[in-house]
Amino acid sequence: MALLTVEHLQVDFRLRQQTLTALYDISFTLSPGERLAIVGESGAGKSLLGYAIVNLLRQPGYISAGAIHFHEQNLTKLGSRQWQQIRGKKIAMIFQDPMVTLNPVLTVGEQMVEAIRAHQKISAQAAKQLAIHKLSQVKISAAEQRFEQYPHELSGGMRQRVVIAIAMLLNPEILIADEPTTALDVTIQAQILHLLKQLCEEQGVALILITHDFGVVSRIAERTLVMYAGRIVERGPTLEIINDPQHPYTQGLLNALPQMALAGQRLNQIPGHMPSLGEHPSGCAFHPRCPYATEKCRWQRPRPIYSGISTVACFAIEELLAETNLEEGDDNHD
Amino acid sequence: MNMFERQPPTAPTRLSHLWGAIKSDKLALLALCIFSFYCLVALLAPFLAPYDIDNPAFMDLINGELPPVWLGGDAAFFLGTDVQGRDILSSILYGTRLSLTIGIGAVLIQLCLGICIGLLSGYLGGKLDAFLMRYADIQLSFSTMMVAIVVLAVFQSMFGGAAYQQLAMLMLILVLGVAEWPIFARMVRAGVLAEKDKEYVDAARILGVSRSRIMFRHILPNTVSPLMVIITIQIANAIVAEAALSFLGLGMPPSQPSLGALIASGFDYIFAGAWWIAVFPSITLVILIFAMNLLGDSLRDHLNPNGGWR
């Protein structure tokens, strides 16, 4: 039984002259305790997807079609009261920059106690005990002392630990982490990732990790979705995708990792840039940047097919499969 | 970026920072001292004043129009007496108390209305925001004095002098308070607009914190520092407005004179030679207003992000 099911989700931005579509036909499932990565360049719509799941889209963005099922509830139909029961308690989210996600004028403790008491009727003392317990769970030393401190008195890594502790306060079932390590330096990054993975494993929390960094993905996620220009272009088990990327975009992303370049050579990069909202090309959105693009890619949109390794939306792969007479998988094969 | 860590958007200990800045600014410190002195005097007026001006026993026409001590007056009345023989010093002490009460009371009302309306308007946005802000524009386009004069005059004629005397202070606080909330509302709204898209607000929302708590506990504390400036200036403005209204006979009644009412009652005798009745309350008022404006100015300097006080 899937914990979270996203079905044909579409997110639009209603502007004065026109309506622009930012996410097209996004479908995926998340099982309890599973760790899923959503990968793509900035502008691919991955953060937007995160915000859409917790219904924090900013005007003029809105969910124009599709459904998000969490247990038996359709999240797109909930009122703000019902959302308050879910956000923080069942689904938590952490953001990129811990510098700005903590309120500068409240102490760490005040923010934690407030989060607990927004959902549970417990005494301030008990809330404090719980908060300090959670702080020590994220390996913060001298938790009682940190409890009294303001965010600006903590280091960046420490702050992100506090953010994670706050997200984990009420034992959520899903944790959405939007680029949780991008604002941190590499050594801290590794620690935080390790901590996230460990916490999710220990407490059976399902994780949606939004990132642009395959290095991060490989360490944490079991399954990966690759997004480009508002669509999922490839999905499958993380290891398989990293070892044998199918979609040209995924290949490009992996090739762009500095580890993949040979010494003395220029770093690989995908030519061109992510199309901005409202300028999504016809056909396969990736065709202007794709080394394998054909005339067909320009006018027709590839459907996701199972390649034997992952589910890919690409005509080049389709042809390859047809040539080698591999059986085509059905659309929903994950 | 981590080598040069960005400062958090606002420093949480800004009030103590502010105190540090004021301490090093001699003029601001002087202004603060004067204001504190006035507040102290206002609070302790019943104990400091040589005479109880509410007690008719201290009104004696025989003592009327005595000049200050150094001009040959009675040693019992340091600053002289008015026409009814009331001690000017005592009147000023009580008058300061009334003026400050009205000024601070009016600003408290402005502040409450302004904060609530500004928060709602800024945070909820949309049609409500448009409506509230247009309403604020309309209200600001009427001058406060005009509104106050009309309301108070109507009130006075409707309820008659006796009822008015009892309610004068309350009415002044209400009228001055309600007339100028848009100044605070606009300021708070501007602050809310700057803060509400910051991620800590999203983070609070995602934790399931309720809307009102987000508004009052998360956003409001991040917008207060510019309010400090307006609070001081607005108290000064309210006191001046009250003085002006009293001078016109629409403010405090002569039986409970505020500084403005004292000036008004003494004004008639200036050319008769008894200048001290009007002049001493005027000096008191001017010093108070001057100190408050000075304080407001230096707060503005220290809170201005371009002033570089960090």
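The values are calculated or read from the model by the stated rules, or taken from the named source; none is laboratory data. Everything quoted here is computed from the prediction, not taken from an experiment. Ideal geometry is used to build each Cβ from the backbone, glycine not excepted, and the neighbour counts take in all protein chains shown. Quick note on the areas: whole protein, heavy atoms, side chains included, nothing else; ligands and nucleic acids left out. Shrake-Rupley method; radii C 1.70, N 1.55, O 1.52, S 1.80 Å.
Would you work out the Kirkwood radius for chain A? I mean one over the mean of 1/r across all pairs of different Cα atoms, in Å.
So the Kirkwood estimate lands at 21.2 Å.
Using modelled backbone amide H atoms (1.01 Å from N, in-plane), which distant-in-sequence or interchain residues come within less than 5 Å of B:GLY251's amide H?
B:SER246
Near A:LYS77, which lysines are there with a Cα under 20 Å away, not counting those fewer than 8 places off in the same chain?
The qualifying lysines are A:LYS89, A:LYS90.
Whole-Hz Karplus ³J(HN,Hα) for the stretch A:173-183, in order, using 6.51 cos²θ - 1.76 cosθ + 1.60 and θ = phi - 60°, x for Gly and Pro?
Once θ is set to phi - 60°, the couplings for the stretch A:173-183 become 8, 10, 10, 9, 10, 8, 6, x, 10, 5, 8 Hz.
If you roll a 1.4 Å probe over the heavy atoms of the protein chains, what accessible area per residue do you get for chain A, in Å²?
Dividing the accessible area of chain A by its residue count gives 45 Å².
From the phi angles alone, apply the Karplus equation (6.51, -1.76, 1.60; θ = phi - 60°) to the stretch A:242-251 and give each ³J(HN,Hα) in whole Hz, x where the residue is Gly or Pro.
Ordered by residue, 3J(HN,Hα) equals 6, 6, 9, x, 9, 6, x, 5, 4, 4 Hz.
Evaluate 2.2 N^0.38 Å with N set to the residue count of the protein assembly as shown, then give the Cα radius of gyration divided by it.
For the protein assembly as shown, the normalised Cα radius of gyration comes out at 1.33.
With only Lys, Arg, Asp and Glu charged, each at its Cβ (+1 for the first two, -1 for the last two), find how big the charge dipole of chain A is about the Cα centre; round to the nearest 20 debye.
The calculation lands at about 1180 debye.
What accessible surface, in Å², does a 1.4 Å probe find on B:MET169, ignoring ligands, DNA and RNA and rounding to the nearest 10?
Approximately 60 Å² of B:MET169 is accessible to the 1.4 Å probe.
May I ask for the distance between the Cα centers of the stretch A:9-77 and the stretch B:134-205, given as a whole number of Å?
43 Å
Let me know the shape class of the stretch A:1-89, please: from the alpha-carbon gyration tensor, a ≥ b ≥ c as square roots of the eigenvalues, rounded when a/c is under 1.5, otherwise prolate if a/b is greater than b/c, or oblate.
Note, shape of the stretch A:1-89 comes out oblate.
Taking the C-alpha atoms of the stretch A:249-323, how large are the radius of gyration and the largest Cα-Cα span, Dmax, in Å?
So, for the stretch A:249-323, Rg and Dmax equal 14.1, 40 Å respectively.
Over all residues in A:101-112, what is the mean tally of Cβ atoms on other chains that come within 10 Å of each residue's Cβ?
Numbers: counts 8, 5, 17, 11, 15, 7, 1, 0, 0, 1, 7, 1.
For peptide A:101-112, the averaged partner shielding equals 6.
From Cα pairs below 8 angstrom and at least 6 apart in sequence, can you work out the relative contact order of chain B, rounded to a whole percent?
For chain B, the relative contact order is 22 percent.
Largest first and in whole Å, give the semi-axes of the stretch B:24-307's equivalent ellipsoid, each being the square root of 5 times a Cα gyration tensor eigenvalue.
Those come to 42, 22, 15 Å.
With every protein chain kept in the model, how would you rank B:GLU195, A:GLU201 by accessible area, 1.4 Å probe, largest at the top?
A:GLU201, B:GLU195
Computed on protein heavy atoms with a 1.4 Å probe, what is the summed buried accessible area for the chain pair B and A, in Å² to the nearest 100?
The summed interface area works out to 2900 Å².
Would you please give the residues with an amide H less than 5 Å from that of A:THR21, counting only those at least 5 places away or on a separate chain, with H modeled from the backbone geometry?
So A:THR21 has HN proximity to A:PHE13, A:GLY278.
Apply the Karplus parameterisation 6.51 cos²θ - 1.76 cosθ + 1.60, with θ equal to phi minus 60°, to every residue of the stretch A:99-105 and state each ³J(HN,Hα) to the nearest whole Hz, in sequence, with x for glycine and proline.
Using θ = phi - 60°, the values come out as 4, 10, 8, 9, 6, x, 9 Hz.
Which whole number gives the average count of other chain Cβ atoms within 10 Å of the Cβ atoms across peptide B:206-216?
Per residue, the average neighbour count from other chains is 6.
Arrange the residues A:GLU279, B:GLU180 by how much accessible surface each exposes, largest first, with a 1.4 angstrom probe. The partial results should precede the final answer.
Values: A:GLU279 120, B:GLU180 35 Å².
From most accessible down to least: A:GLU279, B:GLU180.
Would you grab the residues whose amide H sits under 5 Å from the one on A:ARG35? Only those 5+ places off in sequence or on another chain, please, with H modelled 1.01 Å from N.
A:LEU207, A:GLU222, A:ARG223
Could you pull out the longest piece of chain A with no exposed loop trypsin sites (Lys or Arg not before Pro) in it, calling a site exposed if DSSP puts it outside H, G, I, E, B and it has at most 12 other Cβ atoms within 10 Å?
For trypsin sites (Lys or Arg not before Pro) (loop position, at most 12 other Cβ atoms within 10 Å), the longest site-free span of chain A is A:122-265.
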